[in-house]
Amino acid sequence: MDHVISALEAVLAANLKKNPHFAGVKEVTMTMTLCGKTKIRTLNREYRQKDYVTDVLSFPVYENLRPDKKPREKNLSQMDLGDLVICREKALSQAREFEITYEQEVVHLAVHGFLHLLGFDHEISDKEEKIMEAHESALVGQIYKKLKSKK
């Protein structure tokens, strides 16, 4: 899994360099936690009032860091994007369902959560869903390419 995390970091960091919200930012952090079904269901119920197991939850620090939105006047030198929580069991079952590896599904869920941390939200409208899916597909493709080149 270390090589997956390394590829995720490299591609997501490169993506942030193109985002005006991160001009001058020297360090960006976010946490990613893998947990079980009970924990993610509890978090989903507590923070989203949805009482079911979900695959990924995002807890952003900032409301909107989308590259198409006007950046703040001055950026900090260090920024924390927030927290991602991924359900191991859900990732495993979805990997089987989509006929991909567990690592590939974790990549997909991490990218999906990362985009939520930036302010993208597929639940707003069909248009927003298409925008988010396009970003997701591009980032996942870049990560897969980086993973293949390391083999």
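The values are calculated or read from the model by the stated rules, or taken from the named source; none is laboratory data. Quick caveat, the model's predicted, so the values are computed rather than measured. Because the Cβ atoms are built from the backbone with ideal geometry, glycine has one as well, and the counts that use them run over all protein chains shown. Heads up: the accessible areas ignore ligands, DNA and RNA and are worked out on the full protein's heavy atoms, side chains in. Shrake-Rupley method; radii C 1.70, N 1.55, O 1.52, S 1.80 Å.
Some observations on this one:
- In this structure, the amide hydrogen of residue 35, modeled 1.01 Å from its nitrogen in the peptide plane, lies closer than 5 angstrom to those of 86, 87, 88, counting only residues at least 5 positions away or on a different chain.
- Coupling constants for region 46-57 follow from the phi torsions by the Karplus curve (6.51 cos²θ - 1.76 cosθ + 1.60, θ = phi - 60°), and in residue order they are 5, 9, 10, 6, 10, 8, 7, 6, 10, 7, 8, 10 Hz; glycine and proline get x.
- Rg over Rh for region 112-151 works out to 1.11, both radii taken from alpha-carbon positions and Rh defined as the Kirkwood radius.
- Neighbours of residue 96 by Cβ distance under 15 Å: Lys/Arg scored +1, Asp/Glu scored -1, total -4.
- Ranked by solvent-accessible area (1.4 Å probe, protein heavy atoms only, all chains present), the residues 38, 54 order from largest to smallest as 38, 54.
- For the pair residue 52 and residue 23, a Förster radius of 41 Å applied to the C-beta separation gives a FRET efficiency near 0.55, rounded to the nearest 0.05.
- Highest-first packing order for the peptide set 77-84, 119-126 is 77-84, 119-126, based on the mean count of other beta carbon atoms within 10 Å.
- Accessible surface, the chain, averaged per residue in Å² (probe 1.4 Å): 60 Å²
- Taking amide H as placed 1.01 Å from N in the peptide plane, residue 81 has its amide H under 5 Å from the amide H of 29, 30, each at least 5 places away in sequence or on another chain.
- Equivalent ellipsoid semi-axes, the chain, via Cα gyration tensor eigenvalues times 5, rooted, Å: 24, 20, 15
- Spin-label model, residue 5/residue 134: points 7 Å from Cα along the beta carbon direction are separated by 3.3 nm.
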